[in-house]
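A.B. asks: Here's a structure for you.
The values are calculated or read from the model by the stated rules, or taken from the named source; none is laboratory data. As the structure is a computational prediction, the values presented were derived from the model and not from experiment. Heads up, the Cβs are rebuilt from the backbone with ideal geometry, glycines too, and the neighbour counts pull from every protein chain shown. For the accessible areas, the whole protein counts, side chains as well, though only heavy atoms, and no ligand, DNA or RNA atoms are used. Shrake-Rupley method; radii C 1.70, N 1.55, O 1.52, S 1.80 Å.
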Amino acid sequence: MSVYRVIDVVGTSATSWEEAAREAITTAGGSLHDLRVAEVAKQDIAIADDGTLLFRSRIQLSFKYAPE
């Protein structure tokens, strides 16, 4: 049997939601092991005062739970 933990992570990109999702997964993968599934939970765009757009993707990320 296996147990998985699910956390929310948010990635950002000036280019696209896909790049924001990739950034979230890549960054989280640097400290989490046995990543299993990434599900896009929400996407939005932050608009700066100067009109610059920042794409944000909230990802529900699951990984195998290994208690210490």
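A.B. asks: Treating only the Cβ atoms of Lys and Arg (+1) and Asp and Glu (-1) as charged, compute the dipole magnitude of segment 4-64 about its Cα centre; round to the nearest 20 debye. Walk me through the numbers before you get to the answer.
C.D. replies: On the way: 7 positive and 9 negative charges, 78 e Å.
Here the size comes out at about 380 debye.
A.B. asks: Here's something else I'd like to know. Counting only the heavy atoms of the protein chains, how much of S31 is accessible to a 1.4 Å probe, in Å² to the nearest 10?
C.D. replies: S31 exposes around 90 Å² with every protein chain in place.
A.B. asks: Can you list which of the chymotrypsin sites (Phe, Trp or Tyr not before Pro) found in the chain are DSSP loop residues with at most 11 other C-beta atoms within 10 Å?
C.D. replies: On the way: sites: Y4, W17, F55, F63, Y65; in loops: Y65.
Those that pass, being in a loop and sparsely packed, are Y65.
A.B. asks: Keeping all protein chains in position, work out how much accessible area V40 exposes to a 1.4 Å probe, and write it in Å² to the nearest 10.
C.D. replies: Near enough 80 Å² of accessible area.
A.B. asks: Sticking with this structure for a sec: Please list, in order along segment 28-42, the HN-Hα scalar couplings obtained from phi with the Karplus expression 6.51 cos²θ - 1.76 cosθ + 1.60 (θ = phi - 60°), rounded to whole Hz, x for Gly and Pro.
C.D. replies: Going residue by residue, I get 5, x, x, 10, 9, 10, 6, 4, 10, 9, 10, 10, 6, 8, 7 Hz, with x marking Gly and Pro.
A.B. asks: Select from V3, T26, F63 the residue farthest towards the positive end of the dipole of the chain; place +1 on Cβ of Lys and Arg, -1 on Cβ of Asp and Glu, and compute about the Cα centre.
C.D. replies: V3
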